[in-house]
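Below: the structure, in structure tokens.
The values are calculated or read from the model by the stated rules, or taken from the named source; none is laboratory data. Note that the structure is predicted; figures quoted are calculated from it, not measured. FYI the Cβ positions are ideal-geometry reconstructions off the backbone, even for glycines, and counts take in every protein chain you see. With ligands, DNA and RNA removed, areas are computed over all heavy atoms of the protein, side chains included. Shrake-Rupley method; radii C 1.70, N 1.55, O 1.52, S 1.80 Å.
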Amino acid sequence: MHPRMPVIDVQSTDLICRTSSMFAKVKPLVVEAGTNIGLVWDTKNTSPYTDAHPHGPCTFWLAPYASKGTGQVWSKFQEFKFEGDNDSAKWCTDKILDKGYYVLNIPAYIGKGKYYLRTEIIDITDAQKTNYEDFTAGPRFHSNCMVLEVTSNSTAPLKNPVNILEAYKKYYKTPLFPKGTANSNFTLPGPAPYSGDAE
């Protein structure tokens, strides 16, 4: 996955998968529900994620492939902010730097089918400002999408889907990480990850 070219404008459709070319026909990665995949952020298709990003959290979403990522179709199933206390916290990006990759579990409740997997690193360096205040400022969203073909005994639909643009739009004028906010009180865009089962 390519971590460059962040999106700052939360009103842009590029926020969903960074560029419309992400929806081009590509061979899906076949994965069984309940198993793990390894994600590598690659800047030149040859080297692993290095120190290209400051500290920040990650979010992970799924949408049905047939939806093309449009509308109220994205279900957040995992997020990683940080581990540790405020002074020695290790953000998601630190975890990636430690290993060179991120281990992501595809939940067992996911139904059989093809999906877009949206991965996102949020650069919070400028997250105390907004793009409305300064078009060069605000959090930088490094989002990418890939296609998964999930094998599963379940046929359940995704839970609690949202529209990405609707979920993020308030951050156009409201800082994502207001000044003085403790790490522990930092809320990521969108709903809390769904962690239930396929009932």
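With more than 25 Å from GLU32 (Cβ to Cβ) and assigned to a loop (DSSP other than H, G, I, E, B) as the only criterion, which of LEU188, LEU158 stands out? Show your work before the answer.
On the way: LEU158 fails: more than 25 Å from GLU32 (Cβ to Cβ).
The unique qualifying residue is LEU188.
Would you confirm, using the coordinates I've provided, whether TYR132 is in contact with a Leu (Cβ under 9 Å, 6 or more places away or on another chain), touching a residue at least 24 places away in the same chain (Cβ under 8 Å), surrounded by fewer than 17 Cβ atoms within 10 Å (Cβ to Cβ) and hydroxyl-bearing (Ser, Thr, Tyr)? If you could, list the steps in order and put the result at the bottom.
Working: in contact with a Leu (Cβ under 9 Å, 6 or more places away or on another chain): no; touching a residue at least 24 places away in the same chain (Cβ under 8 Å): yes; surrounded by fewer than 17 Cβ atoms within 10 Å (Cβ to Cβ): yes; hydroxyl-bearing (Ser, Thr, Tyr): yes.
Taking the combined requirement at face value, the residue does not satisfy it.
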Worksheet item: Can you tell me how many residues in region 118-141 are of a type in the set (Gly, Ala, Ser) and either under 13 Å from VAL7 (Cβ atoms) or not in a loop (DSSP other than H, G, I, E, B) (or both)?
Response: 1
Practice prompt. Scan region 59-116 residue by residue and report those that are closer than 22 Å to LYS169 by Cβ, open to solvent by 10 Å² or more (accessible area, probe 1.4 Å), out of contact with any Leu (no Cβ under 8 Å at 6 or more places or on another chain) and part of a loop (DSSP other than H, G, I, E, B).
Written response: LYS68, THR70, GLY71
Worksheet item: In the set THR125, THR151, THR119, THR187, which member is in contact (Cβ under 8 Å) with a residue 24 or more places away in the chain, open to solvent by 70 Å² or more (accessible area, probe 1.4 Å) and of a type in the set (S, T, N, Q)?
Response: THR125
Practice prompt. Considering only residues that are more than 16 Å from ASP123 (Cα to Cα) and not in a loop (DSSP other than H, G, I, E, B), look in region 166-185 and name the one that is modelled with the lowest pLDDT.
Written response: SER184
Fill in: Test: residue in region 70-84 that is without any contact (Cβ under 8 Å) to a residue 24 or more places away in the chain and among the aromatic types (Phe, Trp, Tyr)
yes
